[in-house]
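> Sharing a structure with you now.
The values are calculated or read from the model by the stated rules, or taken from the named source; none is laboratory data. The shown structure was predicted, so the numbers you read here are calculated from the model rather than taken from an experiment. Because the Cβ atoms are built from the backbone with ideal geometry, glycine has one as well, and the counts that use them run over all protein chains shown. Heavy atoms of the whole protein, side chains included, go into the accessibility calculation; ligands, DNA and RNA do not. Shrake-Rupley method; radii C 1.70, N 1.55, O 1.52, S 1.80 Å.
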Amino acid sequence: MHTLALSTTPSLPFHNPPNRTVQNPSLPLSLNPVRPIPTRRTNSPPSIACNVALKTDPPATVSSPSEESDPARIGARVRVKVPLKVYHVQKIGEIDLYNKEGTMKQYVGLWKGKTISANLPFKVEFVEEVESRGPVKFFAHLKEDEFDYVE
């Protein structure tokens, strides 16, 4: 016959002293704002931490300066005004975008309603005619000072 020895001393570091609030494991965290904190035996008073946000703020709606002036800029025709070369289009190699026209497809400086620090926030679609392949569509990300809007 096997004997099982049970210890009455709880194991540390997850020991919950009797004067501390114990979290109910059957409830979700949103209903259990007080969590027991593993502590060392010291003479300091017990501390309680609340790890749950009680209220959330609505997401901030921030837009770029170009979107504030005209929200219809997505879909607008743009022309690259600076010497700019891209190398990411397969089987074409180097493409010079200077004086090429494209279509503004997206402003990527906003993500889920929040402003992000995109270095090249404007996504522009270009169509390049290639002899062996026909028209090839590709995207390039540009800064606002690299293009002008075509009327």
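> If the Cβ limit is 9 Å and pairs must be 6+ apart or interchain, which residue in the range 77-101 that is more than 18 Å from Asp145 (Cβ to Cβ) and assigned to a loop (DSSP other than H, G, I, E, B) pairs with which residue that is open to solvent by 70 Å² or more (accessible area, probe 1.4 Å) and among the small types (Gly, Ala, Ser)?
Listed pairs, sorted by first residue: Lys91/Ser132.
> Return yes or no: is Glu125 over 28 Å from the mean Cα position of the chain (by Cα) and part of a strand (DSSP E or B)?
no
> Going by the conditions given, is Val130 surrounded by 14 or more Cβ atoms within 10 Å (Cβ to Cβ), more than 21 Å from the chain's Cα centre (by Cα) and more than 19 Å from Tyr149 (Cβ to Cβ)?
no
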